[in-house]
1. Can you name the residue in segment 214-247 that is in a strand (DSSP E or B) and among the small types (Gly, Ala, Ser) and, of all such residues, is farthest from Ser329 (Cα to Cα)?
2. When you look at Ala273, is it in contact with a strand residue (DSSP E or B) (Cβ under 9 Å, 6 or more places away or on another chain), touching a residue at least 24 places away in the same chain (Cβ under 8 Å), among the small types (Gly, Ala, Ser) and part of a helix (DSSP H, G or I), yes or no?
3. When you look at Asn270, is it open to solvent by 10 Å² or more (accessible area, probe 1.4 Å), in contact with a His (Cβ under 9 Å, 6 or more places away or on another chain) and farther than 27 Å from Leu120 by Cα, yes or no?
4. Answer yes if at least one residue in segment 168-184 is exposed (fewer than 14 other Cβ atoms within 10 Å of the Cβ) and in a loop (DSSP other than H, G, I, E, B), and no otherwise.
5. Being surrounded by 10 or more Cβ atoms within 10 Å (Cβ to Cβ), β-branched (Val, Ile, Thr) and modelled with pLDDT under 80 narrows it down to one residue among Thr81, Thr95, Thr74; which is it?
6. Mind telling me which of the residues Asp103, Asp112 ends up being closer than 30 Å to Ser343 by Cβ, charged (D, E, K, R), open to solvent by less than 80 Å² (accessible area, probe 1.4 Å) and modelled with pLDDT under 80?
7. Can you tell which of Leu250, Leu260, Leu211 is open to solvent by less than 70 Å² (accessible area, probe 1.4 Å) and in a loop (DSSP other than H, G, I, E, B)?
8. Can you find, within segment 185-208, the residue that is most open to solvent (accessible area, probe 1.4 Å) among those that are without any contact (Cβ under 8 Å) to a residue 12 or more places away in the chain and in a loop (DSSP other than H, G, I, E, B)?
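The values are calculated or read from the model by the stated rules, or taken from the named source; none is laboratory data. The model shown is predicted, which means the values in this text are computed figures rather than measured ones. Cβ coordinates were reconstructed from backbone atoms using ideal geometry, including for glycine residues, and neighbour counts include every protein chain displayed. Note: accessible area is taken over every heavy atom of the protein model, side chains too, but ligands, DNA and RNA are not part of it. Shrake-Rupley method; radii C 1.70, N 1.55, O 1.52, S 1.80 Å.
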Amino acid sequence: MPRRKTEVFSMSFLDCITCAFGSVVLVFTLINAQGGLRRITEERSSDAEVSQLEDKVLEGDQQLVQLRNSLEQTQAERVRTEGLAPRVLAQIEHTKLQLADSDKQTLARHEDIARLEADLKSMEEGQRRLEGGAHSPGPRGTSIRGFEGEGNRHYLTGLKVRGERILFLIDSSASMLDETLVNVLRLRNMSDDRKRAADKWRRTLAITEWLAAHIPETSKFQVYSFNTHSWPLMKQSEGKWLNGNDADALDATMKALHELVPNDGTSLENAFAAITAMNPAPDRVILITDGLPTQGASAPVIRKMIDGDGRYKLFERAMAKYPHNVPLSVVLLPFEGDPQAASAFWVAARHSGGEFMMPAKDWP
């Protein structure tokens with residue numbers, strides 16, 4: 001029997017080789033599949049990161065726009081602030097000057113008050129000396145018009161009605177109705193008869209009657225009323241003097257005074273204009289009022305409330321036009337909310353050589 005030939009590439013060998021190759025192909029396929037899956041995962045992760053970065057970039061752009069807008073607003077505000085700085089500094093300097101002026105005025109008013117207190121003390125001492133003196137009868141009176149106060153009392157006032165030509169200026173503004181602003185506003189809306197019957201206005205009439213009763217017969221006189229303007233109480237007597245011994249003229253003047261109705265504001269400047277209208281000029285002026293003026297020679301274009309400093313400036317402007325050689329005597333009936341009036345009129349009376357008085361409520 002012949003020997004069987006041995007084949008190197010037998011079926012078994014080929015099967016093994018084929019299996020091995022198939023295993024390699026399978027392993028490679030598996031490895032490649034895992035690599036592709038990992039790549040896909042990485043790509044997706046990268047895409048997510050890119051998307052997040054894009055969102056951050058977009059948000060950053062929005063914040064950049066907001067910051068640019070804020071920067072522009074800040075620069076505009078800085079420019080506006082730099083423009084305001086000089087005005088603020090100027091206002092501060094102006095305020096400092098006003099404070100300095102106010103301090104000076106306050107000091108001057110304190111000095112005026114101290115002098116007033118000294119004068120008052122001197123008057124009280126003089127009154128006590130007079131009360132301790134002899135009660136001898138005086139000379140027979142020469143008044144052509146009588147006046148009798150409550151209880152037939154006579155007071156030592158220190159206010160003398162003297163001079164060759166005496167001008168009376170009677171304030172008939174609305175504030176002469178009462179001492180408080182609330183009551184003035186209330187009375188202003190009432191009838192004329194009720195206004196004439198107001199207590200403060202009745203006192204004004206009584207004071208004027210008392211002064212008129214003491215006009216010397218040898219003197220000449222004139223009575224002007226004023227509020228926002230001035231006028232003589234006796235008709236057709238503007239710029240003219242009336243004789244002190246003319247009882248008819250005095251009675252007609254007092255009658256016109258009693259017919260007056262207080263209204264409107266107060267212009268002391270226009271009241272003093274009556275002085276320049278007199279020829280010859282008066283040698284004594286007696287002013288009956290209740291406070292500082294509320295307007296100048298003309299009414300303001302825009303009507304508004306005026307404070308104490310504004311009224312004091314109007315007073316100074318009016319006094320600048322008052323003749324320096326004519327004594328000014330003042331009878332002041334105080335009004336609520338006008339504390340500067342007393343010192344202002346006292347200084348004016350003192351400097352001009354006149355008298356100043358604030359009568360008690362039961363005088364005359």
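1. Result: Ser230.
2. yes
3. The answer is yes for Asn270.
4. No, because not a single residue in segment 168-184 is exposed (fewer than 14 other Cβ atoms within 10 Å of the Cβ) and in a loop (DSSP other than H, G, I, E, B).
5. Thr81
6. Asp112
7. The match here is Leu260.
8. The extreme case among them is Asn189.
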